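The values are calculated or read from the model by the stated rules, or taken from the named source; none is laboratory data. Keep in mind that this is a model prediction, so the values were computed, not measured. So basically every Cβ, Gly included, is an ideal-geometry build from the backbone, and we count neighbours across all protein chains shown. Accessible surface is based on the protein model in full, side chains and every heavy atom, while ligands, DNA and RNA are left aside. Shrake-Rupley method; radii C 1.70, N 1.55, O 1.52, S 1.80 Å.
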Amino acid sequence: VRLTHYTNCISAIPKILSNGFAWVPNRRCLIHLLVPGHDFSKREPQQFGMVSFTELAPKGAKKHCEVFGNYGITVSEAWARLYKAQKVMYIDKTGPVIDALAVIFQESYKDLATKVRFPDDAGWQMAYTNKVMASAVVGSSLWANLLQLYEYLEPIENAYQQEWRITQPLPLYSYADSKDAILKNVSPPRGWAQVCAVLPVQPGDILEFVCSTDDEQHLRSILPEGFSSKRIVTV
């Protein structure tokens, strides 16, 4: 599988190559249907950041690019496997699949609630949205596994994206409020961001780049050393 990450700014390409992909929190907007009795408005389960790619070939990614941008970085399969890229599972918001999942989630949620020893404590409350807390502290392995499953769910209306995800393995709560602020903090990475806020890439991890014919020469001129010999696919 050839996976491409798209961005809407050509200047982001050299920043990603030099500093790494930034983990960006993403709401999947399904948990309120699976567990309607809990308020997840402030934080969805496992909302600790992810990096998204599409398996669409550049010529067939027009609708995807209208949303995410026209400048692409295609990574190698070996790199994607190293960081455990996983294809997204798209589900309808109504019908037998989400109905069945809702039963499983709600039964597990009830079990989790009986194991949260201090319901008013903010730390124990993390178990509802943090699979590490749910498993290691509260002892609810089923809920923890459901939270991991939730990381890769997406509403079916976004199925055109043909998305794959690499999710942040660490439960980081110190994200900025906006994507722009996050990118500023990791370009270049500072403080804790040097350790865990980016997903690094090396020249050998990149197969090619994608841009318009008009942007090809400019993109080639700004690629960092080691990446400038990579193929550029124009669309």
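Some points to look at:
- Qualifying residue in the range 100-123 (condition: among the hydroxyl-bearing types (Ser, Thr, Tyr) and in a loop (DSSP other than H, G, I, E, B)): no
- Residue in the range 70-87 that is over 24 Å from the mean Cα position of the chain (by Cα) and either assigned to a loop (DSSP other than H, G, I, E, B) or charged (D, E, K, R) (or both) present: no
- Pair list, Cβ under 7 Å, 6 or more apart: the range 102-126 residue farther than 19 Å from LEU34 by Cα and free of Cβ contacts under 8 Å to residues at least 60 places away in the same chain, other residue in a loop (DSSP other than H, G, I, E, B) and among the aliphatic types (A, V, I, L, M): TRP124/VAL116
- All positions within the range 56-69 that are exposed (fewer than 15 other Cβ atoms within 10 Å of the Cβ) and either of a type in the set (Gly, Ala, Ser) or part of a loop (DSSP other than H, G, I, E, B) (or both): ALA57, GLY60
- Total residues in the range 1-16 satisfying the condition of being in a strand (DSSP E or B) and within 9 Å of GLY69 (Cα to Cα): the figure is 2.
- Exactly one residue out of ILE98, ILE166, ILE104 is open to solvent by 50 Å² or more (accessible area, probe 1.4 Å), of a type in the set (Val, Ile, Thr) and touching a helix residue (DSSP H, G or I) at 6+ places or on another chain (Cβ under 8 Å): that is ILE104.
- Of all residues in the range 48-89 being of a type in the set (Gly, Ala, Ser) and touching a strand residue (DSSP E or B) at 6+ places or on another chain (Cβ under 8 Å), the one that is farthest from ALA197 (Cα to Cα): ALA61
Rundown of residues vs (1) within 20 Å of TRP79 (Cα to Cα); (2) surrounded by fewer than 20 Cβ atoms within 10 Å (Cβ to Cβ); (3) over 17 Å from the mean Cα position of the chain (by Cα), yes/no style:
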site: TYR128; (1), (2), (3): no, no, yes
site: GLN148; (1), (2), (3): no, yes, no
site: GLN162; (1), (2), (3): yes, yes, no
site: TYR173; (1), (2), (3): no, yes, no
site: ASP214; (1), (2), (3): no, yes, yes
site: ILE222; (1), (2), (3): no, yes, yes
site: SER228; (1), (2), (3): yes, yes, yes
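- The listed residue being closer than 30 Å to ARG220 by Cβ, in contact with a helix residue (DSSP H, G or I) (Cβ under 7 Å, 6 or more places away or on another chain) and not basic (Lys, Arg), out of TRP79, TRP143: TRP79
- Only a single item in (1) open to solvent by 50 Å² or more (accessible area, probe 1.4 Å); (2) among the aliphatic types (A, V, I, L, M); (3) free of Cβ contacts under 8 Å to residues at least 60 places away in the same chain; (4) in contact with a helix residue (DSSP H, G or I) (Cβ under 8 Å, 6 or more places away or on another chain) is not met by ALA134, and it is number (1).
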